[in-house]
Structure formats: C-alpha cells, structure tokens
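Colleague: Could you have a look at this structure, given as structure tokens, before my questions?
The values are calculated or read from the model by the stated rules, or taken from the named source; none is laboratory data. Quick caveat: nothing in here was measured; it's all calculated off a predicted structure. So basically every Cβ, Gly included, is an ideal-geometry build from the backbone, and we count neighbours across all protein chains shown.
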Amino acid sequence: MTAIIAIFALVGLVWAIILATRGNLLLSCVGLLVATAAFGVYFFEFKLGGINLSIDRLAIVGLGAAFVVQWKLGRLELRPWMTLDTVIAIFFGVLFINTFSHDIRDLAPDQVPPVQHLINGYLIPLAVYIVARNLKYDEKQIDWFLIAMCVFGVYLAVTGICEGLGLYGIVFPRYIADPKVGLHFGRARGPMVQSVSYGVYLCGTMLATCLLWARTSSKWRWFILSLVPLFLVAVFFTKTRTVWAGCGVSLLVGVFLTMQGKARTVLITGMLACAVLAVALKSDSIMGLQREGSAQDTRRSVSMRASFTYVSWEMFLDQPLFGHGFSQFRRAKLPYLADRNVDLILESIRNYDHHNTFLSVLCDLGLVGFIPFIAMYLLWLRSGWRLARSDAPEWAKSVGTLGVGTVLIAFCQMVGHEITFMPFEQLLIYLIAGMNAALAYDFGLARRSRPSPPSSTWPAQAAARG
C-alpha cells in the first residue's frame, strides 16, 4: 500500500511541475471551483502529519504554488496598485484586526471557529482574486474559460434536475444522495449540498453559457442555446426564492448588455412582464413554497427573517462603529433574544447563524468594516459595467457582463443568506471580480492609486488582437 501511495505521489508531483510551469492558470482557477464544489471533505479526506487534507485543499495549495512559479518565470502580468486594491486592503485589514481583537476561543455550541470562517470565507477567495487579477488575458483565453464554465454548469444543471426528480441513484459524487450531509435535502443542491451556493454557481455558469452562445459560430449556437432550458429547470428545482431572483437578474443583465435595438426591448419587456405576473398571481404560493419541510416551515423561515433583522439592528445600535466581533453573532445575539418590546418570536433564531450577509457584516464589523465591504462590491460592479459598455473587444466585454451579473447574483443571495462560511461560496464571485479588475486596467478603465509606467505592452497587444 505504501508503494502504491508513493507511485501516485510521484506521478502527481510530475504533473504538478508541468502544470506549475506551463499550465493555464485561468483554467486552473475553474478547476479549483470544481474541486472545492465537488471534491471537498465530503468526497475524500485523509490525514498527513496530523493535518486533515482533501483534494480541494491540495488544489488551493497547488494553485498558489503555480502562481508563484509562473510569476518567477515572468509569465504573469503584475498590474500596478489601483484604488480598488486600496478598498480591498482596508476591508481585509479591518477583518483581520477585528477577528483577533476578540476572544476567538469562547464559542457557542456548534459555532464555526472565527479563524476557520476567516480562512474559508475570505482568505481563500482573496487568493483566487489575486491570481485572476494578475493573469494575462486574450480572446482565446476567455473563450476557453467560457467553455469550461459551460461544461461545469451543464454538470451542475443535470445534477440538480436528477435531484429534483428524485433520481439520486445516478448523481455524482454519491454524498449528494445522503440526507444527513449538508442542508436542503429534497431540493436541487448540487455537490455543494446547499441550495444557495449551488444557485450562485448555477446562475453564474448559465450566464457564461449565454455569453458563449453569443461568441460561437452559427453551427454551434443551436446546441448551446438548447442547454439553457437545463439551467432554468435546475434553478426551479432549487426551490429557493433568492436563486430565482438571481437567475432573473442575471438574464436581464445579459440581454441588456449584449443585445441592441428592438430585440433587446422585446426580450426585457417580456421578461419583466412574466416576473410581474408571476409575483401577482402566485405570491401566496411563492411565500408558502413547500420545500424539504412543510409549507408552514417555509412560512416560519420567512417570519424568522424579521427576528434576524430586529436583533441585528439592535446589536448594531449598541456597537455601531466596530461591531461585536467577526463571526461572533451566534454568541453575541443571545442577550438580545430576551427583548419583549417587540411582537416577534426572537427565540426562534437562537440556534441559527445569520440569514443576511449585509446585516452579518454590519453586526460583526460595524460601520468600519461594512463601508469598505459595500464599497468593494460596488467597485467590482462598476468595473464590470464600465468594461461591458466600453469600446473594448467583444471577448473583454463579455467578461464585464459576467462580472455585473455575478455581483448582482451575489447581492440577491446576500439579502436572504449568509454566504461566507464555505470556501466555494465566494470563490466564483472573487474570480470574476479579479478578471474584471485586470481587464478594466488593461483597457484604461480603472484608476491607479499612484502613477506608474506600464509594466509591458501587453494591454495594447491584447487590444490589437481583439
């Protein structure tokens, strides 16, 4: 057995060296998305020297090592410091200081340790952002990226449809079929075993598929277009309102930023009309949607959000500047549950983490952390919008459209859920944001914090090729 492990380790080392020196880091980032989503600790875990390891953790280390190797080989485009980078640095500085200025050992029952939350929810996505921000991009690179995202998305969509139809015998990985693993069993939840994060990836890859359709030759267009209904059916099977909203918003963004004239007007008008009719005619069904529990359970979940909002606001008023400490909500909220000045069942949220990312950040970090957090996302949104509406080549504008759609998809989820606990929850968002930041700089759309000469002629060459 030891000899077999040694052989596999040697082969893996050889391939790792090849990928580190000559591999495509953008496609490696997509590979990391797949690894963290489908090949994490639920799939396979082992110990080495007392450390728990899994395929996704090795993939993260491998991507970082490959980035350093290719940096030393001069194969990257290290871009100058920009205003956006300053905002990101401020937010992560506040996040880091706030985490370790509070007691990280006094944990509530079943609470995720703050350091683990910091690493999984923020530092790993930040590492992917740094990689994406400093890669070289051209038309071929982006086309392969969209193809990879399309393939990944089709896998997610087919998996979700199988779950929605109860065909658990053919899903992969097998842990998806285990009701004891993850959350939301009975809905489409994919390899993330959690319908919200699954929905972020499903909507993001669907938008990437639509952008690939716009860039392919006519002989492939009908085939790619036929894939979109798979995504829509899988989105429906998530039975998650915020995912439905993210799907609709991303499609609206895609139509608005990629189409022109009457076709755009007709499609947007039709989509909005369908959304209004659905809300007007099916509002009771939407609010009382029966998912893995009863309809009463769903209504209770909706009512609990009012309790979360009230408690969060009271906590913010008590600590408006610096908050109660990063990832301390589960413990810090307990004294507020005894408030009898409001007609809400506050005790119903005792054993739950937060259900709103915005309020979570506000309670944990106060205004000092919340303002740069919002500014960071708004700057990512602006970068994508400006890139999509610029005179850049179509391949670059497609990345801008994907950036706008991904941020809006994330906003839809953040309103109703806390999406910062697992590594895969923000990886896609940070990856697309890093790509947008890089291309916004390359095409003169980003503001630098300090003047500096261009590090190479790459942006001009990329523009000429586009």
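Colleague: Considering only residues that are surrounded by fewer than 24 Cβ atoms within 10 Å (Cβ to Cβ) and of a type in the set (Gly, Ala, Ser), look in segment 198-249 and name the one that is nearest to residue 417 (Cα to Cα).
Modeller: The extreme case among them is 245.
Colleague: For segment 209-247, which positions are aromatic (Phe, Trp, Tyr) and either outside the structural domain of residue 398 (by TED's automatic domain parsing) or in contact with a Leu (Cβ under 7 Å, 6 or more places away or on another chain) (or both)? Spell out the reasoning first.
Modeller: Looking only at segment 209-247, we keep the residues that are aromatic (Phe, Trp, Tyr), and these are 213, 220, 222-223, 231, 236-237, 244.
Scanning segment 209-247 gives 213, 231.
Colleague: What do you reckon, is residue 403 at pLDDT 95 or above and closer than 18 Å to residue 132 by Cα? Before you say what the answer is, go through the steps one by one.
Modeller: Working: at pLDDT 95 or above: yes; closer than 18 Å to residue 132 by Cα: yes.
Answer is yes for this residue.
Colleague: In addition: Could you list all residues from segment 393-432 that are among the aromatic types (Phe, Trp, Tyr) and surrounded by fewer than 21 Cβ atoms within 10 Å (Cβ to Cβ)?
Modeller: Kept after step one, since they are among the aromatic types (Phe, Trp, Tyr), are these residues of segment 393-432: 395, 411, 421, 424, 430.
Listed by number, the residues that qualify are 411, 421.
Colleague: Does segment 139-157 contain any residue that is without any contact (Cβ under 8 Å) to a residue 60 or more places away in the chain, over 15 Å from residue 30 (Cα atoms), in the same structural domain as residue 362 (by TED's automatic domain parsing) and aliphatic (A, V, I, L, M)?
Modeller: The initial filter retains those residues of segment 139-157 that are without any contact (Cβ under 8 Å) to a residue 60 or more places away in the chain, namely 140, 151, 155.
Narrowing further to those that are over 15 Å from residue 30 (Cα atoms): 140.
From the residues that got through so far, the ones that are in the same structural domain as residue 362 (by TED's automatic domain parsing) too are 140.
The next check asks that each one be aliphatic (A, V, I, L, M); those that pass are none.
The answer is no; no qualifying residue exists.
Colleague: Given the condition in contact with a Gly (Cβ under 9 Å, 6 or more places away or on another chain), in contact (Cβ under 8 Å) with a residue 24 or more places away in the chain and over 30 Å from residue 333 (Cβ atoms), answer yes or no: does some residue in segment 43-61 qualify?
Modeller: Within segment 43-61, one or more residues are in contact with a Gly (Cβ under 9 Å, 6 or more places away or on another chain), in contact (Cβ under 8 Å) with a residue 24 or more places away in the chain and over 30 Å from residue 333 (Cβ atoms).
Colleague: Please enumerate the residues belonging to segment 353-375 that are out of contact with any helix residue (DSSP H, G or I) (no Cβ under 7 Å at 6 or more places or on another chain) and of a type outside the set (Val, Ile, Thr).
Modeller: The answer is 366, 367.
Colleague: If you scan segment 70-92, which residues turn out to be more than 15 Å from residue 130 (Cβ to Cβ) and part of a helix (DSSP H, G or I)?
Modeller: At the first step, the residues of segment 70-92 found to be more than 15 Å from residue 130 (Cβ to Cβ) are 72-75, 83, 90.
Hits for segment 70-92 are 72, 83, 90.
Colleague: Out of all the residues in segment 90-100, is one or more among the aromatic types (Phe, Trp, Tyr) and either under 30 Å from residue 216 (Cα atoms) or modelled with pLDDT under 90 (or both)? I'd like the intermediate steps shown before the answer.
Modeller: Taking segment 90-100 and keeping what is among the aromatic types (Phe, Trp, Tyr), we get 91-92, 96, 100.
Filter once more, so that each one left must be either under 30 Å from residue 216 (Cα atoms) or modelled with pLDDT under 90 (or both): none.
Within segment 90-100, none of the residues are among the aromatic types (Phe, Trp, Tyr) and either under 30 Å from residue 216 (Cα atoms) or modelled with pLDDT under 90 (or both).
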